[in-house]
Amino acid sequence: MDFLIPSTFAEALAIKAERPEVVPIAGGTDVMVELNFDHRRPTALLDLTRIAELTEWAPSENLLRVGAGVPYVRIIDELGDRLPGLAMASRTVGSPQIRNRGTVGGNLGAASPAGDTHPVLLACDAQVEVASVRGTRMIPAAEFYLGVKRNALEPDELIAAVHLAPAAAPQQFSKVGTRNAMVIAVCSFAVALHPEQGRVGAAVGSAAPTPRRALAAEEFLAGELSDAGLWESPKPLLDSVRRRFGELAAEAASPIDDVRGTAAYRRHALAVLARRTLGWAWQDYCGTGETRSQSCA
Amino acid sequence: MPDNSETPKQQHKRRTVLKAGGAAAIAGIAAAHSVTEASAATQAQDAALAADTEASAVPIVLTVNGQARQLRVEPRVTLLDALRERLDLTGTKKGCDRGECGACTVLVDGRRIKSCLTLAVMRQDCAITTVEGLAKGDDLHPVQAAFIRHDAFQCGGCTSGQIMSAVAVIDEGHTGSTDEIREWMSGNICRCAAYPNIVAAVQDAAKEKRP
């Protein structure tokens, strides 16, 4: 196995163009498990950790451009105020040791249906910046996930960054697992309020072949909120609205029975997660966020 | 790791030897624990691996506990295996080899990572600290001393990982309460469930500043 260590992104792209079969490695928290257990024998690894430009984040027009190699710990510490949903999901990844190494770029590259950041990227309308020697293109998160561990990258492309708008309103993420640390999600859910567009982003994780948006839930809630004029004069949501939102979110999933949980449990849990996260986000929007810890959805 | 490249077994390819090893293991079961056969196969495997490794090994320098150490490793060798099997630093333990248990936690440039989830070749130009690098001579690191005072282990399998994580937790400033310590030590599993004592040790050690 060759180990290739480019020091610039351009160099990495040239290698990927010449040898599309090379496996990129950054944090290594996913790729290394496959190597250690001999699930994969790549002919070459492409070490992306020496490429400084991948580990930077910066404002880009009215969005934030987060380099594919920025580890979770830095998203939590440095971007938690502007990207609260992404930071919440990042806090649930693995353990402190894993968050020191793992990256959003790696989450996207692996494209596991259970990846923790995917529902947030979908709910927040993130764009994935991918590059090759042919040029750079932006892929909306909603078009990025094609199947179980399959994404929209061409063989010669690498993930450069994700672009997200700084949050203008509350966002929430929640995940079900058997313990607090080191769990692969049984199911997960993200919600992001977009008052400037009069809509809500919602997405489910680990409950379908790909992470996916809960479009019916989004449309239902957007309708309810604008009909009642709640964006302008926020009031607590009716229980019936939150419950219906939960039901529609669960319907967006097509879960399976597997070692982590049954399809029926996932549907049930998703309805609960969606109802609660919406409740928390809306409570924050109403300006009573500090009561969240006492509330029971 | 001893260099077995002079043995005649070096002509074997890893794959053929693994196949032979598998057959020997099955035969071994059939013949009710044919230990000699199985261990011969294991030795053959080791030799072939060594030969394979020699062919594609690259020279690297790892800075471990302040010392620059030169070694040759195949690119697929994890930092954990390089530490344990090449540098004889066996204080760092291999538990799950998949990043779940935390037994292999080391500090790299002051941050804790799992050494099973990183390749040795990726960690050149980094300052690596293992459990062997904590004590100054016979003077234990405050975290090590606190683990002994609080009897924070039973079998000891997870202990070096727990100690490395605890050193980092204290540096990171996540020792405000027992809940906070538990949360930030959650990447380290203890099969003996010595958690109450581990938390007490971390809390105690956090009070001391290393001079």
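The values are calculated or read from the model by the stated rules, or taken from the named source; none is laboratory data. Model, not experiment: these values are computed from the prediction. FYI the Cβ positions are ideal-geometry reconstructions off the backbone, even for glycines, and counts take in every protein chain you see. With ligands, DNA and RNA removed, areas are computed over all heavy atoms of the protein, side chains included. Shrake-Rupley method; radii C 1.70, N 1.55, O 1.52, S 1.80 Å.
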| task | Please find, within the stretch A:75-94, the residue that is surrounded by the fewest Cβ atoms within 10 Å (Cβ to Cβ) out of those that are in a helix (DSSP H, G or I) and within 11 Å of chain B (Cβ to nearest Cβ). | result | A:Asp77
| task | Only one of these is surrounded by 15 or more Cβ atoms within 10 Å (Cβ to Cβ), hydrophobic (A, V, I, L, M, F, W, C) and over 15 Å from the mean Cα position of the chain (by Cα): A:Leu164, A:Leu153. Name it. | result | A:Leu153
| task | Within the stretch A:228-256, track down each residue that is of a type outside the set (Phe, Trp, Tyr), part of a loop (DSSP other than H, G, I, E, B) and free of Cβ contacts under 8 Å to residues at least 40 places away in the same chain. | result | A:Ala228, A:Gly229, A:Leu230, A:Glu232, A:Ser233, A:Leu238, A:Ile256
| Unmet requirement for B:Thr175, which otherwise passes all of (1) free of Cβ contacts under 8 Å to residues at least 40 places away in the same chain; (2) open to solvent by less than 10 Å² (accessible area, probe 1.4 Å) | (2)
| Which numbered condition B:Asp81 misses (of (1) without any contact (Cβ under 8 Å) to a residue 60 or more places away in the chain; (2) away from chain A (no Cβ under 14 Å)) | (2)
| field | Some residue of the stretch A:8-22 being at pLDDT 95 or above, under 20 Å from B:Leu119 (Cα atoms), in contact with a Pro (Cβ under 6 Å, 6 or more places away or on another chain) and part of a strand (DSSP E or B) | value | no
| task | Specify which of the listed residues (A:Thr49, A:Thr117, A:Thr55) is among the β-branched types (Val, Ile, Thr) and within 11 Å of chain B (Cβ to nearest Cβ). | result | A:Thr49
| field | Count of residues meeting criterion [surrounded by fewer than 20 Cβ atoms within 10 Å (Cβ to Cβ) and touching a residue at least 60 places away in the same chain (Cβ under 8 Å)] in the stretch B:84-97 | value | 3
| query | Hey, among the residues in the stretch A:257-278 that are among the β-branched types (Val, Ile, Thr) and part of a helix (DSSP H, G or I), which one's surrounded by the most Cβ atoms within 10 Å (Cβ to Cβ)? | reply | A:Thr277
| remark: Over the stretch A:172-185, the set of residues of a type in the set (Gly, Ala, Ser) and either assigned to a strand (DSSP E or B) or open to solvent by 80 Å² or more (accessible area, probe 1.4 Å) (or both) is A:Ser174
| said: Filter the stretch A:140-187 down to the residues that are within 14 Å of chain B (Cβ to nearest Cβ) and of a type in the set (Ser, Thr, Tyr) and list them by number. | reply: A:Thr178
| Residues within the stretch A:95-115 that are open to solvent by 20 Å² or more (accessible area, probe 1.4 Å) and closer than 19 Å to A:Thr210 by Cβ, tallied | 6
| query | Which condition breaks for B:Phe147 when tested against (1) more than 16 Å from the chain's Cα centre (by Cα); (2) at the interface with chain A (Cβ under 10 Å from one of its Cβ atoms); (3) open to solvent by less than 10 Å² (accessible area, probe 1.4 Å)? | reply | (2)
| request: Those residues that are hydrophobic (A, V, I, L, M, F, W, C), assigned to a helix (DSSP H, G or I) and in contact with a strand residue (DSSP E or B) (Cβ under 7 Å, 6 or more places away or on another chain), I need them from the stretch A:204-218; list them, please. | output: A:Ala217
| query | Within the set of pairs 6 or more residues apart or between chains, which connect a residue that is under 14 Å from A:Ser206 (Cα atoms) inside the stretch A:143-158 to a residue that is open to solvent by 50 Å² or more (accessible area, probe 1.4 Å) with Cβ atoms less than 7 Å apart? | reply | A:Gly147/A:Pro209; A:Val148/A:Pro209
| Inside the stretch B:178-211, can you point out the residues that are crowded, with 18+ Cβ neighbours inside 10 Å, aliphatic (A, V, I, L, M) and assigned to a loop (DSSP other than H, G, I, E, B)? | B:Met185, B:Ile189, B:Ala194
| said: List pairs: first residue in the stretch A:261-288 and under 20 Å from A:Glu218 (Cβ atoms) and of a type in the set (D, E, K, R), second residue part of a helix (DSSP H, G or I) and open to solvent by less than 20 Å² (accessible area, probe 1.4 Å) anywhere in the structure, Cβ distance under 7 angstrom, at least six positions apart or on different chains. | reply: A:Arg267/A:Ala250; A:Arg275/A:Phe245; A:Arg275/A:Gly246
| A:Thr210 passes all but one of (1) hydroxyl-bearing (Ser, Thr, Tyr); (2) open to solvent by 50 Å² or more (accessible area, probe 1.4 Å); (3) under 20 Å from A:Leu86 (Cβ atoms); which number fails? | (2)
| remark: Of the candidates A:Glu247, A:Glu232, A:Glu196, A:Glu219, the one satisfying the condition of being acidic (Asp, Glu) and touching a helix residue (DSSP H, G or I) at 6+ places or on another chain (Cβ under 6 Å) is A:Glu247
| note | When (1) farther than 30 Å from A:Gly94 by Cα; (2) crowded, with 18+ Cβ neighbours inside 10 Å are applied to A:Gly205, the one that fails is (1)
| note | Per the list (1) closer than 23 Å to B:Val199 by Cα; (2) free of Cβ contacts under 8 Å to residues at least 12 places away in the same chain; (3) surrounded by 20 or more Cβ atoms within 10 Å (Cβ to Cβ), residue check on B:Cys101 breaks on (2)
